[in-house]
1. Solvent-accessible area per residue for region 1-112 at a 1.4 Å probe radius, Å²?
2. Report the extension gain between Val156 and Thr66 in nm, rounded to one decimal, defined as 0.36 nm multiplied by the number of residues separating them, less their alpha carbon distance.
3. Under the rule a/c < 1.5 gives rounded, and otherwise a/b versus b/c splits prolate from oblate, where does region 1-80 land using the Cα gyration tensor?
4. Given contacts defined as C-alpha pairs under 8 Å and at least six residues apart, what's the relative contact order of the chain, whole-number percent?
5. Rounded to a whole number, what % of the accessible area of region 159-245 do carbon and sulfur atoms account for, probe 1.4 Å?
6. What number, in nm² with one decimal, is the all-direction average of the projected area of the convex hull of the alpha-carbon atoms of the chain?
7. Would you be so kind as to identify all helices of the chain, as entire DSSP H runs, whose Cα atoms reach 30 Å or more along the helix's own axis and whose mean Kyte-Doolittle hydropathy is at least -0.5?
8. Restricting to DSSP loop positions (anything but H, G, I, E, B) with no more than 10 other Cβ atoms inside 10 Å of their own Cβ, which trypsin sites (Lys or Arg not before Pro) remain in region 5-70?
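The values are calculated or read from the model by the stated rules, or taken from the named source; none is laboratory data. On a predicted model such as this, the values are computed, not experimentally measured, just so you know. Positions of Cβ are backbone-derived with ideal geometry, glycine not excepted, and every protein chain shown enters the neighbour counts. Heads up: the accessible areas ignore ligands, DNA and RNA and are worked out on the full protein's heavy atoms, side chains in. Shrake-Rupley method; radii C 1.70, N 1.55, O 1.52, S 1.80 Å.
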Amino acid sequence: MGDWWYRNILEPGKLPLLLALTAFVVTFVATRVITRMIRAGKGPFRNVTPGGLHVHHCVPGVILMTVGGFTAIAGGRTGWGSWVAAVLFGMGTGLVLDEFALILHLSDVYWSKEGTLSVEVVVMTSALAGLLLCGFLPLGVDGLTEGQLENRLFLVLTVLFNLLLAVMALFKGKPRLAVLGVVVPLIALIAAVRLARPASPWARRFYGRRPRARARTLRRAYRHDRRWSGLERRIGYLIGGAPSR
């Protein structure tokens, strides 16, 4: 275990990332537990409302992210300073992304159906950080040999191709797969070659005069949503709490 820890975490310098991810997940879970207790009127926790102003927890989250980010930049990637900065940044990110939907809508949608978007963003962020921790690099340039790394043209073409796949997935109405595809090109490739979502820019541009393709994408989207939307919604409600409206 000690050898694995040194070889996979300490030697590659991934301890700050592990600390940030752990702080992020723990902070999000603790925040959701506390907010659900406040909503139910249980426990000692209450909303922070000095002078009648409701201070959302994304405010201290922004402060923690700012302090952690500048501390990491100033202190480098090694030593206890980088560890503290990683924890602060992870905590701040957890608080901010827990209210991502509120920031996006500029409205208090925390306990609404729109508010479940925050849970999706947190899950996506955790997955991306986990992939980075496992050794995947953005745009899929991990696992290259020294000769390939020295060949700048090969490296640039690899990055551009992977980026193109991710952009195609995004325009096909698959933002989650596009984001994950930046780290794992196979995901972007699958999303890019499959049919687009019916309301996506790709479908409007290329399926407008292709009734068969349009009918296929409508059927596929209907089957996919019927199979997975209910499960995704239940998982989101289980993690973040059921909406009030």
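1. Numbers: 6700 Å² over 112 residues.
With all protein chains present, region 1-112 gives 60 Å² per residue.
2. Values: separation 90, 0.36 × 90 = 32.40 nm, distance 3.22 nm.
Here the answer is 29.2 nm.
3. Working: a/c = 5.20, a/b = 1.89, b/c = 2.75.
Oblate, because a/c is 1.5 or more while a/b does not exceed b/c.
4. On the way: 290 pairs, mean separation 39.7, N = 245.
It comes to 16 percent, rounded to a whole number.
5. Working: 3810 of 5930 Å².
Carbon and sulfur atoms account for 64 percent of the accessible area of region 159-245.
6. Working: hull surface 73.1 nm².
Its Cα hull, projected and averaged over all orientations, spans 18.3 nm².
7. Details: long enough: 15-40 (37 Å, 1.60); 211-240 (40 Å, -1.24).
The qualifying helices are 15-40.
8. Working: sites: Arg7, Lys14, Arg32, Arg36, Arg39, Lys42, Arg46; in loops: Lys14, Lys42, Arg46.
Answer by residue number: Lys42, Arg46.
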